[in-house]
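A.B. asks: Please read through the structure below; I'll follow up with questions.
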Amino acid sequence: MTEFTSARDALRTYFGYDAFRPGQEGIVNAIIQGHDALGVMPTGAGKSICYQIPATLLPGMTIVISPLISLMRDQVDALNDVGIPAAFINTTQSPDEQDLMFAQALSGRIRLLYVAPERLETERFRTFASRVPISLVAVDEAHCVSQWGQDFRSSYLGIGDFLKALPVRPTVAAFTATATERVRRDIIGILGLRDPSVTVTGFDRANLYFDVIRMERKRKVSWVASYIADHPDESGIVYCATRKEVESLAESLNIAVCELRAAKGEDATRLGMVAVAYHGGMPAETRERAQRDFVTDRVPVVVATNAFGMGIDKSNVRYVIHHNMPESIEAYYQEAGRAGRDGEPSRCTLLWNESDIATRRRLLDSDYENERLTAEEQEVVRASKRRLLNAMIGYCRTTDCLHEYMTRYFGEAGGAAVRDDGTCVGGCAN
């Protein structure tokens, strides 16, 4: 790899940008200078640049901890394409393939190594980590460490122990798109960040129009189909609460949208598939094909559970429709925020009704069992999730500005950007 005199040189050479986005340069410089860092930046703000650039400048290897095995290959391929040696180690590889990655890392031929948090607990990986010089550990989706966040994962609790066991403690940087003040404190405490440089770039996405529509269940399919048919040249994501709803809605949309467009005089034989389904219960090959068809614009719409979206590199999503109410403001902000990553005006619509609330409460009370936690700790997690759900219900029912509701929820003092007449810049239904 080329040696650079500055982070901006590396940014220009590898990624073709002359300047960093807001918040990036401060985090990059802090990491290069050996300071721990916490970056809270919205979807599309470029969190990965904040650890990828230091990885090209620091002498040792960077370990990236990510919960999303399915996205590691995309990230690694993209880095290798621009000349940054990167690899991953996960359960999709054979032992021989993993041995090859370990050998390359030990010989200094890998700058970034992506691993899932569960990998840190294996004796094999800990032995490897004790033998290789590590300059930086980057923790992606760091909100998963907090029991007060919307996506707590107990495997994240082992990261702190892994760091303590290393012969030399590296710089540690944590990143997330969604973290209240309480969750930020958790991230710093549980990961053991030392006097970190904290960057919160702001939660308001002024290019997004938010609206909430209360709608009975039987009308939702026709509303979504009509919207898609009226926006034939736009790319969109439709989120559903369950796998069964994903498959049913995708099938219905492929029929209904074609019928609506044919009624307008279009040649139905040339319309092709409108929507693909995506959820965690599908075979990996089917999911990858659906994701690829959507990202490459072969299919304009993906209907998905919350298993879809993290790290998806698609900037031109013009709308995100939630067919059901999500479980938290954090989840909604992250999913809706996949619209308009290119900064262009985009729409985020939430369809909901009282049965959505009942469904979410039922899922909440039935889906959390974890062997790492005591019964009392599990109840703390459930209570936290009930609190998060209540905030989401409040969003659906509020008559306040929706941009303001979200920024206030995340504790942002400046609030939403407003025009001279007091309305939000992005626009919302309230």
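A.B. asks: Going by amide H atoms built from the backbone, whose H comes under 5 Å of the H on Val139, apart from near neighbours?
C.D. replies: Counting only residues 5 or more places away or on other chains, the set is Ile65, Ala173, Ala174, Phe175.
A.B. asks: Hey, another quick one. Given the C-alpha centroids of the range 371-429 and the range 143-185, what is the distance between them in whole angstrom?
C.D. replies: If we compute the Cα centre of each part, the gap is 22 Å.
A.B. asks: Any chance you could list the semi-axes, whole Å, largest first, of the equivalent ellipsoid that the Cα gyration tensor gives for the range 208-409, using √(5λ)?
C.D. replies: Semi-axes, largest first: 30, 19, 16 Å.
A.B. asks: Give the value in nm², to one decimal: projected area of the alpha carbon convex hull of the range 114-250, averaged over all directions.
C.D. replies: On the way: hull surface 49.5 nm².
Mean projected area for the range 114-250: 12.4 nm², to one decimal.
A.B. asks: May I ask you to work out the translational diffusion coefficient for the chain at 20 °C, viscosity 1.002 mPa s, via Stokes-Einstein with Rh from the Kirkwood sum over Cα pairs, reported in whole µm²/s? Spell out each step's value before the answer.
C.D. replies: Numbers: Rh = 22.8 Å.
Answer, rounded: 94 µm²/s.
A.B. asks: Gly16: net charge of surrounding residues, Cβ under 14 Å, Lys/Arg +1, Asp/Glu -1, itself excluded? Working shown, then result.
C.D. replies: On the way: positive: Arg8, Arg12, Arg21; negative: Asp9, Asp18, Asp81.
Taking every other residue near Gly16 into account, the sum is 0.
A.B. asks: Pulled fully out, how much extra length does the chain show between Asp18 and Asp342, if you take 0.36 nm times their separation in residues and subtract their Cα-Cα distance?
C.D. replies: Numbers: separation 324, 0.36 × 324 = 116.64 nm, distance 1.71 nm.
Net length gain for the segment: 114.9 nm.
A.B. asks: Ordered by residue, what ³J(HN,Hα) values in Hz, to whole numbers, does the range 24-38 give under the Karplus form 6.51 cos²θ - 1.76 cosθ + 1.60, where θ = phi - 60° and Gly and Pro are x?
C.D. replies: So the J values, rounded to whole Hz, are 5, 5, x, 5, 4, 5, 4, 5, 4, 7, x, 8, 5, 8, 10.
A.B. asks: What's the percent breakdown of Cα-Cα distances in the range 6-93 across 10 Å bins, shortest bin first?
C.D. replies: Result, from short to long distances: 15, 49, 32, 3 percent.
A.B. asks: Which residue, Gln52, Gln93, Gln334, has the most motion in a Gaussian network model of the chain that connects Cα atoms within less than 10 Å?
C.D. replies: Gln93
A.B. asks: I'm checking a number: the convex hull volume of the Cα atoms of the range 60-122, normalised per residue, in Å³. What is it?
C.D. replies: Considering the Cα atoms of the range 60-122, their hull volume per residue is 81 Å³.
A.B. asks: Can you run phi through the Karplus equation (6.51, -1.76, 1.60; θ = phi - 60°) for the range 158-167 and list ³J(HN,Hα) in whole Hz, with x for Gly and Pro?
C.D. replies: Each residue of the range 158-167 in turn: x, 5, x, 5, 4, 5, 5, 7, 5, x Hz.
A.B. asks: Now a separate question. Could you give P(r) for the range 7-200, binned at 5 Å from zero, as whole percent values over all Cα-Cα pairs?
C.D. replies: P(r) over the range 7-200, rounded to whole percents: 1, 8, 17, 22, 23, 16, 10, 3, 0.
A.B. asks: Which far-off residues, 5 or more places away or on another chain, put their amide H under 5 Å from the one on Val212, with H placed in the peptide plane?
C.D. replies: Under 5 Å from the amide H of Val212: Leu350, Ala429.
A.B. asks: Taking the alpha-carbon centroid of each part, what is the distance from the range 311-337 to the range 188-239 in angstrom?
C.D. replies: If you average the Cα positions of each part, the centres end up 3 Å apart.
Just so you know, all these numbers are worked out from the coordinates, no wet-lab data involved. As the structure is a prediction and not an experimental result, all values here were calculated from the model. Positions of Cβ are generated from backbone atoms using ideal geometry, with glycine treated the same way; all protein chains shown enter the neighbour counts.
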